[in-house]
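Each value in this text was obtained by applying a stated rule to the coordinates, not by laboratory testing. Being a predicted model, the structure only gives us computed values, none of them experimental. Quick reminder, even Gly has a Cβ in these numbers, built from the backbone with ideal geometry, and neighbours come from all protein chains shown.
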Amino acid sequence: MPTDHQSPAGAAWRRSRFCVGESNCVEVADLDGLVGLRNSRKPALTLTFTKSEWSNFLAALKSGEIQLSGPR
């Protein structure tokens, strides 16, 4: 289950190569055994997932079990 917390200082956040400039981008980081997910417009707030939860989420996206809406 994801949890909300303050974004840790010094984390190496990554964005999709499709993200341009400082627009509204999703960012991901490895956080000491967890995976952090945040919106570049509100970087102080972070959702965290276990590595297992994150892997399951990515697998569901790739298989089509979960479909995202919105611009890509």
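Scanning for something part of a loop (DSSP other than H, G, I, E, B), among the polar types (S, T, N, Q) and within 14 Å of the chain's Cα centre (by Cα), does segment 52-61 turn up at least one residue? No, because not a single residue in segment 52-61 is part of a loop (DSSP other than H, G, I, E, B), among the polar types (S, T, N, Q) and within 14 Å of the chain's Cα centre (by Cα). Restricting attention to segment 37-66, the residues that are exposed (fewer than 11 other Cβ atoms within 10 Å of the Cβ) and over 16 Å from Val26 (Cβ atoms) add up to 5. Only one of the listed residues (Val26, Val20) is of a type in the set (A, V, I, L, M) and either farther than 19 Å from Gly10 by Cα or crowded, with 17+ Cβ neighbours inside 10 Å (or both). That residue is Val20.
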